[in-house]
1. Which members of the stretch 4-18 meet the condition of being open to solvent by 60 Å² or more (accessible area, probe 1.4 Å) and of a type in the set (S, T, N, Q)?
2. Just to verify a result, which residue in the stretch 23-66, among those that are among the polar types (S, T, N, Q) and farther than 21 Å from LEU82 by Cβ, is nearest to the chain's Cα centre (by Cα)?
3. Which residue pairs have Cβ atoms under 7 Å apart, sit 6 or more places apart or on different chains, and have a first residue in the stretch 55-76 that is without any contact (Cβ under 8 Å) to a residue 40 or more places away in the chain and a second that is of a type outside the set (S, T, N, Q) and open to solvent by 40 Å² or more (accessible area, probe 1.4 Å)?
4. Looking at this structure, is LEU69 under 16 Å from the mean Cα position of the chain (by Cα) and of a type outside the set (Gly, Ala, Ser)?
5. State all residues of the stretch 19-31 that are more than 15 Å from LEU67 (Cα to Cα) and either among the hydrophobic types (A, V, I, L, M, F, W, C) or open to solvent by 80 Å² or more (accessible area, probe 1.4 Å) (or both); if no residue qualifies, say none.
Amino acid sequence: MIVLGLVAGTLTTCCWLPQLLKSWRTRSTADFSWLYLAVFGTGVTLWMIYGLLKRDIAIAMTNTLTLALALVVVGLKVRIDLLPPRGRSRTEISASRSLRPSTLPADAKDVRNGKTGAVEL
């Protein structure tokens, strides 16, 4: 019975790895809402406590690992979404973004005629 619980818990815990790696690689955690992470983290914590109280190693261990992975995602979300990038303040980043010229594609008629220049605003 313990083996079945460990296999099930390992599979559900490992399903976090691809999303965690993608978030790390792309430096984007926009797909995770704070509410989702809070509710999920609370549920996993309660399952972990339940497993500890029942002395069920499968429930306790796999939920501890799942909670650890979820906390890594929370840490990434804090770092990416809330903290300014290293070396530059949010004000500097906002200012540099607003100074960049915006370009729009040329008129459709010009594109058909082979003119692909962009119109600068």
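The values are calculated or read from the model by the stated rules, or taken from the named source; none is laboratory data. Everything quoted here is computed from the prediction, not taken from an experiment. Here Cβ is always computed from backbone atoms with ideal geometry, including for glycine, and neighbour counts include all displayed protein chains. The area values use the complete protein model at the heavy-atom level, side chains included, leaving out ligands, DNA and RNA. Shrake-Rupley method; radii C 1.70, N 1.55, O 1.52, S 1.80 Å.
1. Scanning the stretch 4-18 gives THR10, THR12.
2. The residue in question is THR66.
3. Matching pairs, first to second residue: ALA60/LEU52.
4. yes
5. Matches in the stretch 19-31: LEU21, LYS22, TRP24, ARG25, ARG27, ALA30, ASP31.
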